[in-house]
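Quick notes on the structure that follows.
The values are calculated or read from the model by the stated rules, or taken from the named source; none is laboratory data. Bear in mind the structure is a predicted one, so any value in this text is a computation, not a measurement. Quick reminder, even Gly has a Cβ in these numbers, built from the backbone with ideal geometry, and neighbours come from all protein chains shown. Side chains included, ligands, DNA and RNA excluded: accessible areas come from the protein's heavy atoms. Shrake-Rupley method; radii C 1.70, N 1.55, O 1.52, S 1.80 Å.
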Amino acid sequence: MTVKHNGAKKLVQESFYSSFDQLNGVHPWMEAVQDGFVGYRVRQLNAGKIAYFNFILAKEMGLIPADHPETMTDELEDKLIEAFSIQIINEYDELSNRRIDPATIRPHKHMATRYLQLQHANKQGKTSGDGRGIWNGTVYHRGTTWDVSSRGTGVTCLSPGSVQANRPLKTGGTEFGYGCGLAEIDELFGASILAEVMHLQGIRTERVLCIVDLGKGYGIGVRAAQNLIRPAHLFLYLKQERQQVLKAATDYFIDRQVSNKAWDIKARGNAKYDEMLKCVCKSFAEFTAQLDTDYIFAWLDWDGDNVLADAGIIDYGSVRQFGIRHDKYRYDDVERFSTNLNEQKAKARLIVQVFAQLVDYLQTGNKKPLRAFANHPIIESFNQQFDQNRANRILYRMGFNQAQRENIFAKKGLFEKFDKEFSFFERAKISGTTEKVADGVNHPALFNVRNILREYPTHLAKNPLSFEKRNMPPGEFFKLIVSSFAKTRDARLSEKHRRHIESFQEVYRDLVTTAAGKNKPEQILKGICDRADILNSDKRITGNALIEMVDAIITEKKRGLSMTQIQRIIDRLVFENSGVPESPVSRFYKDKEKTAAVKMDLYAKLLSLVEENKESI
């Protein structure tokens, strides 16, 4: 049987959507770590509408043909509803003998995985894990295995609410915090946008494959990544001192990384764990340096809960992209405050330290105290790699290409000299102290260095004077860099500011001259300008902007905005963030043209929200 795509000439076979049949709940973790999950029967809801589908990700995963139009067909929507509009039959349902049509029950149980979580009273992971999610299974395509899981599929016994209640909870109940088991549609829209933006910026992350809108403000969000295992999936067995189960879980993690060609580990036996530790260290040093320089807040802590084990973002509930360096911002999670941007390096280093403890335990069978690994060689390696990655990322964001960065690093002490002046401006705060914001606390940044990184190379390129004399007047420099958070007394140009402005410009020109190598500095300015303009764009979707944008979309949705328009708007917002230099993306993004027409009055409003919040948290 053939079906015709809406508005498309090409006929496709229904079997093109059969790849989704791989997502039947069966997952290799269930065999590898047999008590690493709670198994749940699952029923098909046969309800909802597809509010968003990541066509590009689906093509990368081989779920739809490479030439499939980016248009939702009735047949594709039916397949997505069949695959992802599901809910667990939890302990409450079983005990209350809830009447469920047997025809809707899936043949295989789905797993809610166990992992360590600080918010649980039990710090060994005996009660914690996927509180409102299950794993759909894996997809294998062209040598790569992808994990797929869903959230909003019902409350499990691993949710904080269930543990607090000390009894099974009914899905949808609100008596206990984190005990509802459902996902709000606004958080799912927010994650779909921000996760794809992170991906386009070259940051490892989960990505949203699909959103099922169930109505009444709730939905199911389907996430995918080449490895959705968190450090916390391993750490609970370390805390429980269960060496054989830990070995099985760690071997599973290593095997997936190697089979996906993410890591090159050739050693066998205990030696492979040493190689894994080096890979983990390298990944976390690079990842944390990216977060630091790009002003991305992702709540890291030693339990390894809110991060992927290969160092990537997972769970976008508290993730924010700041417009400027708001490194005093802390998220208020009711019972505790989060770490801040400055503390993410130390927390990532602590995760690496726990991995060192884990490796030693696997190799010796003796679990030593975590403090015994404070001076492990891998810790110094992490510090060095973080510093190297941070320096490289700063120069990258300034617009220097790889060869130019190498020229700069070859001149000893030059970057460090620039970093001193750069950090003076980047880390300065407005007068006063920490103040309350909508979802936490913050002490705002005084300067927006992204402005000067974007505009200063253009100033150098246009200035007719000899290169060493192309100074921007201090007043103009200061006006360009001072943030919208500055109070009256902060916005005064002082002599101290003048000295640092002069030093900043002098060493910046040294960087350009050194980066040019045998060429004249003027010859490389065009390239620096082009790259710096993209990498420091003021069209940056901050956390506050994203919240307001999603609210605007939801409001229009209630007024009748179609799912097709929501899809187009999200696609358009994401596409505006493509084309980032040196960021590897699939050919499907490179071949993509701007999406079909969107509701322009709404889209213009969304862009205005980006502009209004461009310096916010």
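Seen through its C-alpha gyration tensor, with square-root eigenvalues sorted a ≥ b ≥ c, the range 67-152 comes out oblate because a/c lies at 1.5 or above while a/b is not bigger than b/c.
Taking the radius of gyration and the Kirkwood hydrodynamic radius from Cα positions alone, what is the Rg/Rh ratio for the range 45-101, to two decimal places? Walk me through the numbers before you get to the answer.
Details: Rg = 15.6 Å, Rh = 13.5 Å.
Using Cα coordinates only, the ratio equals 1.15.
Against the chain, whose longest principal axis is taken from its Cα atoms, helix 563-575 shows a tilt of about 40°. For the chain, the longest principal axis of the C-alpha atoms and the axis of helix 600-612 are separated by about 60°. The simple Förster model, with R0 at 51 Å and r as the Cβ-Cβ distance, assigns F467 and R268 a FRET efficiency of 0.35. A simple packing score, the average count of other Cβ atoms within 10 Å per residue, orders the peptides 101-107, 506-512 as 506-512, 101-107, with the highest score first. Rounded, prolate or oblate: pick one for the range 493-617, where a ≥ b ≥ c are the square roots of the eigenvalues of its C-alpha gyration tensor, a/c under 1.5 means rounded, and failing that, prolate if a/b is larger than b/c, else oblate. Cα axes put the range 493-617 in the oblate bin. When only alpha carbons are used to place a centre, the range 366-444 and the range 483-542 end up 18 Å from one another. In the context of the full set of protein chains, residues of the range 111-241 present 30 Å² of accessible surface per residue (probe radius 1.4 Å, heavy atoms only).
Distance between the 7 Å Cα→Cβ label points at K216 and Q384: 5.8 nm.
Net length available on complete extension from R106 to D21 is 29.4 nm, with 0.36 nm assigned per residue and the Cα-Cα distance removed. In the chain, the calculated helix contribution to ellipticity at 222 nm averages -13500 deg cm²/dmol per residue, counting -39,500 (n - 2.57) for every DSSP H run with n ≥ 4.
When ligands, DNA and RNA are left out and all protein chains stay put, how many square angstrom of accessible area per residue does the range 271-404 have with a 1.4 Å probe?
Numbers: 4390 Å² over 134 residues.
Per residue, the range 271-404 has an accessible area of 33 Å².
The alpha-carbon of K170 sits under 22 angstrom from the alpha-carbons of these lysines, leaving out residues fewer than 8 places away in its chain: K109, K126, K216.
Under a 1.4 Å probe, what is the accessible area of the range 407-537 per residue, stated in Å²? Walk me through the numbers on the way to the answer.
Numbers: 6730 Å² over 131 residues.
Value for the range 407-537: 51 Å² per residue.
The lysine pair tally for the range 416-474, using Cα distances under 23 Å and a gap of 8 or more places or different chains, is 4. Ignoring lysines fewer than eight residues from K368 along the same chain, the ones with Cα atoms less than 18 angstrom from its Cα are K123, K239, K247. With each label modelled as a point 7 angstrom along the Cα→C-beta vector, the K479-K605 pair spans 3.4 nm. Axis angle, to the nearest 10 degrees, between helix 185-200 and the longest C-alpha principal axis of the chain: 50 degrees.
Sorting the segments 198-207, 125-134, 163-172 by their residues' average number of neighbouring beta-carbon atoms within 10 angstrom, most packed first, yields 125-134, 198-207, 163-172.
Here the accessible area is traced with a 1.4 Å probe on the protein chains. For the chain, carbon and sulfur cover 49 percent of it.
Rounded to the nearest 20 Debye, what is the dipole magnitude of the chain about its Cα centre when Lys and Arg each give +1 and Asp and Glu each give -1 at the C-beta?
Here the size comes out at about 1020 debye.
With a Förster radius of 41 Å, plug the Cβ-Cβ distance of R336 and R492 into 1/(1 + (r/R0)^6) and report the FRET value to the nearest 0.05. Don't skip to the answer; put the middle values down first.
Working: r = 38 Å, r/R0 = 0.93.
It comes to 0.60.
Placing pseudo-labels 7 Å out from each Cα toward the beta carbon at D551 and D533 gives an inter-label distance of 3.4 nm.
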